[in-house]
Every structure is written in structure tokens, then in C-alpha cells.
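The structure appears right after this line, and notes come after that.
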């Protein structure tokens, strides 16, 4: 199983492989073809979990999977349309374009997952899927995922799963390993949850323990403000994700 944290052209990709749920290897690369070869031929991965949108917005608004996450109190950014991503003046969405290239390169050997298998059964055949470290943390911690403590919380989840975190020397490696843990859950038939729909993209995460009811809107805005930009930006982000068209100017 492999998890991949996706960055822009300068940051590149961070990939972590698990074997039997244990840390096996890692690869840092800025080349899509090199990473795809590593996944297919070096690791021979069965499931590949990718922290990047697998589909673009079809109408300029947040995708259904992203709206569902926000409605649960799980903060995420909205995916723009492909045209908006390509035309953005600062290449803000460059990392999403890198993700698109990776999905395309893997398509022949690891097609995009179309849905969850029956409960208790692993999905059949190699596949890749979109996941999201913050949502994984939220699910596995029963709704308790704090942006300010993401490094500590995510590392602790990996250690609780028996994964050696010594080689995970940055948040990028930690997030890649957390994605790999999601792939391990799915590949071993453990309960998972899929947000969204096939046409606009699924975000798949481990089911985890029962979470508390979603936070009230004001509480969510307060929590988002700690990520950066203050309450005003957080309020704008919430409105943008749930209600309004994506506006590149706030990126």
C-alpha cells in the first residue's frame, strides 16, 4: 500500500509504502513517471491513496465530497474548475495539476476507485483513490482533529497503528504515511467511508470511532481562523466551500 502527499513542481511528491501495515520504504520525487514506476514496479502497490483532488469542479463550486466534509465540520479547500486552475495568475493550484498528472499516469495500472467494496471485503483489483489527511485524522480520532496539533496527532495515529515514524522527518512524510494507512484500511477490508459521488470524485477515509455531532457554524469558523488569516478569511472560506463559486482571488 502506498500513500502520496502531492506538492507543486518545486516541492514534488512524497510517497510512503507500507507492507502488512508496517513502514517499508519512501520516495521523494518531482517526476510523475518516476513515482508511477516506483509504485508499479518497485513496490508493486495494490492500493495507492493520493492527497490531491481526483476530479475538478464541474460548476465552479466545491465538489459534493468537499461540501459533505464541511458539513461534518471537517475543513478542506474547494477544488476549482480545470480552467480556473490552469489560468490562475500565481499557479496557486499547481499542486492539483501535479495530482491530475499522477492520476493520469497511474490510470492504466491503477484505475480510480469507483466505490467502496461490500463491508468486510477488500476492494478487488489494483486501484488508486483520493484521500485527505485532515479527514483521516478527524475520523480516526472521533472528530477531534486540531490544525495546530496536526504533526503530533497524525504521528500519534501512525504510532498507534504500529508504524515506525523515525523515517518520517517532516509533515509531508507523515501525511504520506497517513494516506498509506488509509490505503491499508481499504485494502484489508476494514470499515471505510467515502464522501461524495463517483462522477465528481470520492474522498475515501477510514471509518474510525463515532464522532461528535458537527460543530455549529460559528464554532467552525472560529476553528478555521486558527489555520491562518483570522476569522474573516475563515468565514470567507466556509462560505466559499459550502455556498459560493470558487474565487481564485482568496487563494
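The values are calculated or read from the model by the stated rules, or taken from the named source; none is laboratory data. As the structure is a prediction and not an experimental result, all values here were calculated from the model. Positions of Cβ are backbone-derived with ideal geometry, glycine not excepted, and every protein chain shown enters the neighbour counts.
The set of residues from the range 117-129 being crowded, with 16+ Cβ neighbours inside 10 Å and touching a helix residue (DSSP H, G or I) at 6+ places or on another chain (Cβ under 8 Å) comprises 123, 128, 129. Filtered by the rule that a residue be touching a residue at least 60 places away in the same chain (Cβ under 8 Å), farther than 17 Å from residue 96 by Cβ and surrounded by fewer than 22 Cβ atoms within 10 Å (Cβ to Cβ), the range 37-58 gives 40, 46. Does residue 34 satisfy the condition of being part of a helix (DSSP H, G or I), at negative phi and touching a helix residue (DSSP H, G or I) at 6+ places or on another chain (Cβ under 7 Å)? Here the answer is no, as residue 34 does not meet what is asked. On inspection, residue 67 passes the criterion of being closer than 21 Å to residue 198 by Cα and either within 16 Å of the chain's Cα centre (by Cα) or not in a helix (DSSP H, G or I) (or both). For residue 178, the stated conditions do not hold, so it cannot be described as touching a strand residue (DSSP E or B) at 6+ places or on another chain (Cβ under 8 Å), over 23 Å from residue 35 (Cα atoms) and part of a helix (DSSP H, G or I).
Assessment of the range 4-16 against the conditions (under 30 Å from residue 167 (Cα atoms), touching a residue at least 12 places away in the same chain (Cβ under 8 Å) and surrounded by fewer than 15 Cβ atoms within 10 Å (Cβ to Cβ)) yields at least one matching residue.
For residue 132, the criteria (1) at pLDDT below 95; (2) closer than 18 Å to residue 15 by Cβ hold in every case but one, which is (1). Out of the range 157-175, which residues are touching a strand residue (DSSP E or B) at 6+ places or on another chain (Cβ under 6 Å) and on the phi > 0 side of the Ramachandran plot? None; the set is empty. Residues of the range 18-31 that are touching a residue at least 60 places away in the same chain (Cβ under 8 Å) and out of contact with any helix residue (DSSP H, G or I) (no Cβ under 9 Å at 6 or more places or on another chain): 22 alone.
Only a single criterion out of (1) touching a residue at least 40 places away in the same chain (Cβ under 8 Å); (2) in a helix (DSSP H, G or I); (3) within 23 Å of residue 199 (Cα to Cα) is not satisfied by residue 83, namely (1). Inspect the range 218-240 for any residue being at pLDDT 90 or above and closer than 24 Å to residue 82 by Cβ and give the result as yes or no. Checked the range 218-240: no residue is at pLDDT 90 or above and closer than 24 Å to residue 82 by Cβ. Once the range 86-107 is narrowed to residues that are over 15 Å from the mean Cα position of the chain (by Cα) and part of a helix (DSSP H, G or I), the residue that is farthest from residue 194 (Cα to Cα) is 87. Filter the range 110-166 for residues that are within 15 Å of the chain's Cα centre (by Cα) and assigned to a loop (DSSP other than H, G, I, E, B); which is farthest from residue 190 (Cα to Cα)? Only one residue tops the list, namely 145.
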